[in-house]
Amino acid sequence: MPRVTIGPALPDSRPLDVEIARLRDLDIGDLQARWHTVFRRRPSPHLPRHLLFRVLAYRLQVERFGDLDGESQRLLDGAGTPEDAGKRAAEANRLTADVRPGTMLAREWNGRMQRVAVLAAGFAWNGKTYPSLSKIALAITGTRWNGPRFFGLRDKPSKEAQS
């Protein structure tokens, strides 16, 4: 049985809540002064109060909990609008199933049932370990396949998503 590691506890967020509440009470001049202290430069004079507040509150959270992971940053950088980014994230999450080590995948091909075991470092099929489901699908069929789709882990795109 694999060992479970428990990471450190998350920092207490109550002092952060108090600090954000203090920011909420500041007027635009005080927010601009705080911006100058945090970023070591003056904010654009055209930034409205609500954006100054949001950026400073986000910065406090980053200092406490850390910034976004690389995948989330790439998703946001490539997004045209927040709505588009949300739709793409939901679609990506829906398209691929989560498989954990120990899961058995099955697919009938040419009248024979093919069973694949999900391992921590790949997949096992017919006594061999493979790095991907696509390699197994190739070995089974002799042609290149998207492995997750071959084993039914990916939905077919809906007609709405294609248009």
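The values are calculated or read from the model by the stated rules, or taken from the named source; none is laboratory data. For clarity, every value in this text was computed on a predicted model and none was experimentally measured. Every residue, glycine among them, receives a Cβ derived from its backbone with ideal geometry; neighbour counts consider all protein chains shown.
Taking helices (runs of 4 or more DSSP H) that fall entirely within the stretch 54-142, which contain at least 1 residues that are at pLDDT 85 or above? Before you say what the answer is, go through the steps one by one.
Details: elements: 70-77, 82-95, 133-141.
Because the criterion is at least 1 residues that are at pLDDT 85 or above, the helices (runs of 4 or more DSSP H) in the stretch 54-142 that meet it are 133-141.
Select from the stretch 110-130 the residues that are closer than 15 Å to PRO148 by Cα and either in contact with a strand residue (DSSP E or B) (Cβ under 6 Å, 6 or more places away or on another chain) or touching a residue at least 24 places away in the same chain (Cβ under 8 Å) (or both) and list them in ascending order.
GLN114, ARG115, VAL116, ALA117, GLY122, PHE123, ALA124, TRP125, TYR130
On the basis of being assigned to a helix (DSSP H, G or I), in contact (Cβ under 8 Å) with a residue 24 or more places away in the chain and not acidic (Asp, Glu), does ALA33 make the cut?
Values: assigned to a helix (DSSP H, G or I): yes; in contact (Cβ under 8 Å) with a residue 24 or more places away in the chain: no; not acidic (Asp, Glu): yes.
No: the conditions fail for ALA33.
If you take the residues of the stretch 136-155 that are touching a helix residue (DSSP H, G or I) at 6+ places or on another chain (Cβ under 7 Å) and not hydrophobic (A, V, I, L, M, F, W, C), which of them is surrounded by the most Cβ atoms within 10 Å (Cβ to Cβ)?
To start, the set of residues in the stretch 136-155 that are touching a helix residue (DSSP H, G or I) at 6+ places or on another chain (Cβ under 7 Å) comprises 136-137, 144-148, 150-151, 154-155.
Now restrict to residues that are not hydrophobic (A, V, I, L, M, F, W, C): 144, 146-148, 154-155.
Values: ARG144: 11, ASN146: 12, GLY147: 20, PRO148: 18, ARG154: 15, ASP155: 13.
In this case the residue turns out to be GLY147.
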